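Notes follow once the structure below has been shown.
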Amino acid sequence: MEKKPPATAREAWEGDSSSQGSNSSQVVSFYDTTTMQPLQLDSSWLPIYEESEDAVDFILAFVSSLDKDTHKFTFLKSTYVVCKTALKRGLTKGLDLFCQTCEVVENIKDLLEKEPKDRLSSQIRYLAMITIEELSLVENVLEGKTKSLLSACFSSVLLLPSEREMPHQSTSLYIKTLKAMDTMLRTVVLSFPASSVSKELQDIFEMLLDYTRSEREAVRERAVGRIAVLTNLLSNYSTLKPSVNFGRESSGPVCPEDISFPAMGRLVGRLILFRYSGEQTSYTAFHALFSLAEFLYKSRPRDGSDEFCWEAVTTSSLCYLNIGDCTQAFGRYLHPSERADVILEAIEAMRDDSILDKEVPSSMLDVVLEDSDFWLTDVTKIVNCILENLLCITTEAGCMKLESLFLLVTNEHSSAVVIGLCEMALQGDSTLQELCDTLSSKPDILDRVLTEFATSLRNQWCNPSREGSRASHRAPSLRQIDLEELDDEPNIWSSRGRPDVMTGFLMLEVLVGLSERIEMGKKVEVFVPSMMKILELGNEEEKLKIIEVFRNVLGQLKKSKASSTAVSLVRKILPLFDSDSSRLRELSLWLLKDLLRSVVRRDEKKMRRQMQSALIPLLFRVNDQVPSVAKASREALFAAAELLKWKQLKHLLQKERMWELGECLIMKRRSRAEELMYQSLPYLRDPQSSVRLAAVRFIGCATRHMRDQDMETQAHILRALQPLERDRDISISSLAAHTGLILRAPRVQRRSWVILHTLCCWCR
């Protein structure tokens, strides 16, 4: 005959003295002597109030008390009795609102979090488990709170000292608490509404998997034990009745094939690792795998050809499967993304100290290497995992295994490697630098990576069909893109309509890192076409990256190869000398100096021809208002003077007689004075007053040496000078006006003015 439930909380305490121990008498007396006052909340309307008035009032009093620590035991017992009695008598109406108002779940969570992690000295954890079990059976009470509450449970119990480290008197309480947790987990899972079973299981398994990575064996063993409890529940799910009916009637029954959670692959991989490990967890992991095998057999579609293979897994012969066969057998019933997760677990285990035997993950990766088409499904995810862990594996065998996998992936899916490198660039410079260092020590991998990288750059920049749209894509810089918008994007190639900007910049970020850390000289030819294109079409930041790469690589090249590269590169960087960005002007000028110094004899003639169009920009950048740009221009001009063998120009630069540079240039190139003059006209519109002034002075000097100055040329010069006669800089306006007067004067009169003007210039 069924035992009648207690009518009041006091009867519940008196009838359960075995679970209270020495605290039972204290609880009874507490109800008589407490001075705690309940919240000013009318709870008499609750159907359960008449049956458990004392317990309801105590809960109300507890949540408003400042001394919760003293009365936590009684609070848990009161909550347990209220839920138990309400469920037994069918009086749960309004109980969810009451629990929400009193923040019952939050208070239980707080009590668990405050329990000491280094000892088990009270029944608080046990009472919390059985109370949570009852709460889960009351509709809506745990809705949206299950994950945080179970997280507190796991932290409170799984992190306790090992059983052998506990005092003898605590052992029985520990076993009882662990059993209560397992029962609670089963009840909670079976109480989930049909629509949320998969999501809730995903959250629970993710939390438990985190604990399996603990450095402490006891924690790992407990976590695997709880996983075994849940996988056993899954294997029998179709035959179990739900703990409650709410949420099931509208959604229908939950069948095994309806349950799917992303953690499945991680779960399988982790359990295989522990199944073949040398610690106590192996036995528990075996049973968890067995249960998981039964669940997959029931929930995943199959055909006759797989029948024999699966029977081998779901029978006792699972004991005799080796690591590779076990991995392959489970892989047949996993979705592609889940198979990728198994690989991730194996890769991460190569550096995981909790996995004692590194041969286990190594054997799992052997399966992947033997059947890469089947296992390499989410290549980008696998590449990222390899890149993140390659730096952290300390054993030589582990490094070799991972390098073999990386080389295989690079050969078969090289574009994914480039994507992985780009995504790593988002994590920070130090990670990228370490990776580049690692790659530099792996010649085979590095060669393949660089080849694919160059191909990706070429496809990104040199595709004729995309030239028309590239200008609009290239306009904004990376700083103008809100990177936070891209956080939820799984693939950087599809970044919300802006793939060119994002991908292009990340690729260049990686390219700079590679050029700084490794020897790229042998591969530079395959990069040159796309880098030249970027110098032509890229935005400011992209051009800066390419200049950095060229400066890094030039020093790695043999003299002959550097010389030929320099000749072809000069014409691409000339427009950068007049960039709005002072940083771009400066670095391009320093690059020009490097290029000029790298020319060998056979290319000197070609380089001299190239430099004819660079002299005017260099002359005016000497007057740049940014000191670092002016210095870079002087250095580049000096290198040009050495190449051209202009001793007077070198002398003026060494003596810093900058005002004479223009006259020196005109005298050396008198036959081309008109050409030089026309080349200088755009600098009359330069935003810097110092450059405009130098341009006016140079034009005045050039016109003096133009032998046959026709009226059309004179008119053109006067039109260019006219706006500067109103320049806000008085030195520019006066010099422009004076130069205009000279040009308008008759040729005889102009000669005397020219002599006077020349003397004035030399006296400056």
For this session: Go through segment 49-81 and give me each residue that's surrounded by 23 or more Cβ atoms within 10 Å (Cβ to Cβ) and touching a Cys at 6+ places or on another chain (Cβ under 9 Å).
Result: Ile59, Phe62, Thr79
For this session: Within segment 351-364, work out how many residues are touching a residue at least 40 places away in the same chain (Cβ under 8 Å) and surrounded by fewer than 24 Cβ atoms within 10 Å (Cβ to Cβ).
Result: 9
Exercise. Residue check: is Lys645 closer than 22 Å to Gly555 by Cβ and of a type in the set (Lys, Arg)?
Worked result: no
Exercise. Here are some residues: Leu637, Leu643. Which one is farther than 22 Å from Thr739 by Cβ, without any contact (Cβ under 8 Å) to a residue 40 or more places away in the chain, hydrophobic (A, V, I, L, M, F, W, C) and part of a helix (DSSP H, G or I)?
Worked result: Leu637
Seminar exercise, completed: Leu421 meets each of (1) surrounded by fewer than 17 Cβ atoms within 10 Å (Cβ to Cβ); (2) modelled with pLDDT of 70 or more with one exception, condition (1)
Exercise. Do we find a residue being buried (at least 20 other Cβ atoms within 10 Å of the Cβ) and of a type in the set (Phe, Trp, Tyr) anywhere in segment 568-578?
Worked result: yes
Exercise. What about Gly247, is it modelled with pLDDT under 85 and loosely packed, with under 13 Cβ neighbours inside 10 Å?
Worked result: no
Exercise. So, in segment 119-178, of the ones that are farther than 22 Å from Ala218 by Cα and acidic (Asp, Glu), which residue ends up surrounded by the fewest Cβ atoms within 10 Å (Cβ to Cβ)?
Worked result: Glu143
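Let's see how each residue does on (1) farther than 24 Å from Trp659 by Cβ; (2) over 56 Å from the mean Cα position of the chain (by Cα):
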position	(1), (2)
Cys701	no, yes
Arg704	no, yes
Gln714	yes, yes
Ala720	no, no
Arg726	yes, no
Asp729	no, no
Ile732	no, no
Ala737	no, yes
Gly740	no, yes
Seminar exercise, completed: All conditions in (1) hydroxyl-bearing (Ser, Thr, Tyr); (2) free of Cβ contacts under 8 Å to residues at least 24 places away in the same chain; (3) closer than 27 Å to Ser560 by Cα are true of Ser671 except (3)
For this session: Go over the candidates Arg186, Arg213 one by one and state the one that is touching a helix residue (DSSP H, G or I) at 6+ places or on another chain (Cβ under 6 Å), surrounded by fewer than 19 Cβ atoms within 10 Å (Cβ to Cβ) and over 21 Å from Glu115 (Cα atoms).
Result: Arg186
Problem set entry | Single residue of Lys114, Lys68, Lys93, Lys77 found to be within 39 Å of the chain's Cα centre (by Cα), assigned by TED's automatic domain parsing to the domain that holds Glu165 and farther than 20 Å from Val189 by Cα | Lys114
Exercise. So how many residues does segment 519-532 have that are in contact with a Cys (Cβ under 7 Å, 6 or more places away or on another chain) and either free of Cβ contacts under 8 Å to residues at least 12 places away in the same chain or surrounded by fewer than 20 Cβ atoms within 10 Å (Cβ to Cβ) (or both)?
Worked result: 1
Problem set entry | Residue count, segment 376-406 (criterion: under 23 Å from the mean Cα position of the chain (by Cα) and either basic (Lys, Arg) or surrounded by 15 or more Cβ atoms within 10 Å (Cβ to Cβ) (or both)) | 20
Exercise. Where in segment 54-161 are there helices (runs of 4 or more DSSP H), lying fully within it, with 3 or more residues that are among the polar types (S, T, N, Q)?
Worked result: 68-89, 146-158
Problem set entry | Hits in segment 181-196 (condition: part of a helix (DSSP H, G or I) and under 21 Å from Met129 (Cβ atoms)) | Met181, Asp182, Thr183, Met184, Leu185, Arg186, Thr187, Val188, Val189, Leu190
Seminar exercise, completed: So, first residue under 14 Å from Lys147 (Cα atoms) in segment 202-213, second residue among the small types (Gly, Ala, Ser) and not in a helix (DSSP H, G or I), Cβ within less than 6 Å, six or more apart or across chains; the pairs are Gln202/Ala263; Phe205/Ala263; Glu206/Ala263
For this session: List every residue pair whose Cβ atoms sit under 8 Å apart, with the two residues 6 or more apart in sequence or on different chains, where the first one lies in segment 392-417 and is farther than 21 Å from Leu457 by Cβ and the second, anywhere, is in a helix (DSSP H, G or I) and among the hydroxyl-bearing types (Ser, Thr, Tyr).
Result: Ala397/Ser362; Gly398/Ser362; Lys401/Ser362; Leu408/Ser372
Exercise. For Thr171, are the conditions met, namely being touching a residue at least 12 places away in the same chain (Cβ under 8 Å) and assigned to a helix (DSSP H, G or I)?
Worked result: no
For this session: Output the residues belonging to segment 96-111 that are more than 17 Å from Met129 (Cα to Cα) and either outside the structural domain of Val141 (by TED's automatic domain parsing) or of a type in the set (A, V, I, L, M) (or both).
Result: Leu97
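The values are calculated or read from the model by the stated rules, or taken from the named source; none is laboratory data. These figures come from a predicted structure and were not determined experimentally. Neighbour counts run over all protein chains shown; Cβ positions are idealised from the backbone, glycine included.
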